[in-house]
Amino acid sequence: MQTSSDSTKPLREIEGYWSVEALKGWVKEVFLRIGCSEDHARMAAALLVAADLKGIDSHGVARLPGYVRLWRKGRINPDPQWRWTQRMSAVAVLDADGALGLVAGQVAMEKAVELAGRYGTAQVLVRNSNHFGIAAEHALVAAGRGMVGWAMTNASPLVSPLGSNKRILGTNPLCYAFPSAGHHPPWVLDMATSAASNGKLELAAAAGQAIPLGWATDQAGHETNSPGALQVGGALLPLGSTSEGGVHKGYGLGALVDLWSGLLSGAAFGPWVPPFVDFLEPATGGPGPGIGHAFGALAIEALMDNEVYRQRMERWSQVFHDAGLVLHGMPEWEQRSKRLVEGIPYTKEGLKALVDLGDSMDLLAPGQ
């Protein structure tokens, strides 16, 4: 296993684990080779590795080949020209010009924090973007500056509300992050509004494992435990899965995210949101360009002194801790602490995917 002193060793020297800094450097090089600026490549690489550090492997470096395939199809612009619209002081809209959502999300969140510092609270919506990685890394930009942050995005249509066989919504995740207090890390709720993300099905398929019932349906609309259900016309289910389980709530949350980040931003929404996979072309005749995101920030100081907040948040956190409950975000923080020391574990399938990507770009890949 890797120790902290191993962080600069080549990836190939650490059997079974990615060296965090070396992996980040390699991913950055891939983004540079598709035409990203130094700043954008660094930003995008940091977000993907951050997901792996927290154990969210479905949204980490495993997603890198997908971004490259979309770039090769001309569906990601590595050198975007930001176009801003601001009709009122504390609200802005960014046309991301087909950029990496990983980068557009960070740019938009920085703008939200800047405006919230001036006006107390602010929102920034984004259109004409792409997949933005894990929502938490965007919301945490605000939390790291002593603000409450939130982030959400619509996604390609893979979800069928119960009672319909039509894939009309995405996994449409949302995240809220509250600043840390005392010895507790930031409180982070980061969740898909579907019962499971597509990435979890992909990981199950790669491992040859069945998925739990309630995650997906087959082409006929029946619940299935096949991780390949989406490839044969099936669909994901909203959070709640069944009428008895409150599926209308998951459906409603998914619709809310679509309205907020897609409809209000001027992006595509519903069945027109462009797919992340390169072998499916975006639907034509849609209501707007690309994927839509929504970000916001609320300055604690607009409501109370920061010290008052810290005391109240510490007390709130302690109540849940004393009840034996795990605070939202805690498992990811613990995983991050562990992986910063040990490195990021990889599978043979994950290694092969990056080796193949490196070969296609004449770039020595991890493990070689």
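Scan segment 7-28 and tell me whether some residue there is outside any strand (DSSP E or B), buried (at least 21 other Cβ atoms within 10 Å of the Cβ), at pLDDT below 95 and in contact with an Asp or Glu (Cβ under 7 Å, 6 or more places away or on another chain). Taking every residue of segment 7-28 in turn, at least one turns out to be outside any strand (DSSP E or B), buried (at least 21 other Cβ atoms within 10 Å of the Cβ), at pLDDT below 95 and in contact with an Asp or Glu (Cβ under 7 Å, 6 or more places away or on another chain).
Considering Ala155, Ala139, which residue is in contact (Cβ under 8 Å) with a residue 12 or more places away in the chain and either outside any loop (DSSP other than H, G, I, E, B) or farther than 25 Å from Ala62 by Cα (or both)? From the options Ala155, Ala139, the qualifying one is Ala139.
Mind checking which residues of segment 131-183 are among the aromatic types (Phe, Trp, Tyr) and not assigned by TED's automatic domain parsing to the domain that holds Ala302? Spell out how you get there, then give the answer.
Of the residues in segment 131-183, the ones among the aromatic types (Phe, Trp, Tyr) are 132, 150, 176, 178.
Matches in segment 131-183: Tyr176, Phe178.
For the structure I just gave you, tell me whether Gln219 is polar (S, T, N, Q), assigned to a loop (DSSP other than H, G, I, E, B), touching a helix residue (DSSP H, G or I) at 6+ places or on another chain (Cβ under 8 Å) and not assigned by TED's automatic domain parsing to the domain that holds Ala143. In short, yes.
Taking the numbered list (1) more than 30 Å from Asp305 (Cα to Cα); (2) crowded, with 21+ Cβ neighbours inside 10 Å; (3) not polar (S, T, N, Q) in turn, Leu174 passes all entries but (1). Screening Lys111 on (1) farther than 19 Å from His40 by Cβ; (2) within 20 Å of the chain's Cα centre (by Cα) shows it passes everything except condition (1). Residues in segment 319-338 that are touching a Gly at 6+ places or on another chain (Cβ under 9 Å) and surrounded by 15 or more Cβ atoms within 10 Å (Cβ to Cβ): Glu332, Gln335, Arg336. Residue pairs whose Cβ atoms lie under 8 Å apart, sitting 6 or more positions apart in sequence or on different chains, and linking a residue in segment 241-259 that is within 20 Å of Trp272 (Cβ to Cβ) to a partner that is among the basic types (Lys, Arg) and in a loop (DSSP other than H, G, I, E, B), do not occur here.
Residue pairs whose Cβ atoms lie under 8 Å apart, separated by 6 or more positions or on different chains, with the first residue in segment 312-327 and in contact (Cβ under 8 Å) with a residue 24 or more places away in the chain and the second in a helix (DSSP H, G or I) and of a type outside the set (Val, Ile, Thr), are Leu327/Ser317; Leu327/Phe320; Leu327/His321. Between Glu314, Glu334, Glu301, the distinction of being assigned by TED's automatic domain parsing to the domain that holds Ala96, part of a helix (DSSP H, G or I) and out of contact with any Phe, Trp or Tyr (no Cβ under 6 Å at 6 or more places or on another chain) belongs to Glu301 only.
Name the single residue that is surrounded by the fewest Cβ atoms within 10 Å (Cβ to Cβ) among those in segment 342-363 being over 17 Å from Ser58 (Cα atoms) and touching a helix residue (DSSP H, G or I) at 6+ places or on another chain (Cβ under 6 Å). Filtering segment 342-363 for residues that are over 17 Å from Ser58 (Cα atoms) and touching a helix residue (DSSP H, G or I) at 6+ places or on another chain (Cβ under 6 Å), the one surrounded by the fewest Cβ atoms within 10 Å (Cβ to Cβ) comes out as Met361.
Can you tell me which of Glu281, Glu223 is among the charged types (D, E, K, R) and over 21 Å from Lys200 (Cβ atoms)?
On the way: Glu223 fails: over 21 Å from Lys200 (Cβ atoms).
Within the list Glu281, Glu223, the selection yields Glu281.
Can you find even one residue in segment 53-74 that is over 29 Å from Val341 (Cβ atoms) and part of a loop (DSSP other than H, G, I, E, B)? The answer is yes; a qualifying residue exists. Selection of first residues in segment 82-94 that are among the polar types (S, T, N, Q) and of second residues that are part of a strand (DSSP E or B) and surrounded by 12 or more Cβ atoms within 10 Å (Cβ to Cβ), restricted to Cβ pairs under 9 Å at least 6 apart or on distinct chains, gives the following pairs, ordered by first then second residue: Thr85/Ala92; Thr85/Val93; Thr85/Leu94; Thr85/Asp95; Gln86/Ala92; Gln86/Val93; Ser89/Ala122. Being assigned by TED's automatic domain parsing to the domain that holds Leu280, within 26 Å of Arg336 (Cβ to Cβ), β-branched (Val, Ile, Thr) and buried (at least 22 other Cβ atoms within 10 Å of the Cβ) is a property that holds for Val103.
Out of all the residues in segment 192-216, which are part of a loop (DSSP other than H, G, I, E, B), within 28 Å of Phe132 (Cβ to Cβ) and among the aliphatic types (A, V, I, L, M)? Full working, then the answer.
Of all residues in segment 192-216, those part of a loop (DSSP other than H, G, I, E, B) come to 192-193, 195-197, 208-215.
Checking which are within 28 Å of Phe132 (Cβ to Cβ) leaves us with 192-193, 195-197, 209, 211-212, 214-215.
Once the filter is applied, which keeps residues that are part of a loop (DSSP other than H, G, I, E, B), within 28 Å of Phe132 (Cβ to Cβ) and among the aliphatic types (A, V, I, L, M), segment 192-216 yields Ala192, Ala195, Ala196, Ile211.
Take Trp71 and tell me if it is of a type outside the set (A, V, I, L, M), at pLDDT 95 or above and either surrounded by 23 or more Cβ atoms within 10 Å (Cβ to Cβ) or in contact with a Lys or Arg (Cβ under 9 Å, 6 or more places away or on another chain) (or both).
On the way: of a type outside the set (A, V, I, L, M): yes; at pLDDT 95 or above: yes; either surrounded by 23 or more Cβ atoms within 10 Å (Cβ to Cβ) or in contact with a Lys or Arg (Cβ under 9 Å, 6 or more places away or on another chain) (or both): no.
No.
Restricting attention to segment 193-214, the residues being over 19 Å from the mean Cα position of the chain (by Cα) and not aliphatic (A, V, I, L, M) number 4.
The values are calculated or read from the model by the stated rules, or taken from the named source; none is laboratory data. All values derive from a computational prediction rather than experimental measurement. Please note: Cβ atoms are built from the backbone with ideal geometry, for glycine as well, and neighbour counts cover all protein chains shown.
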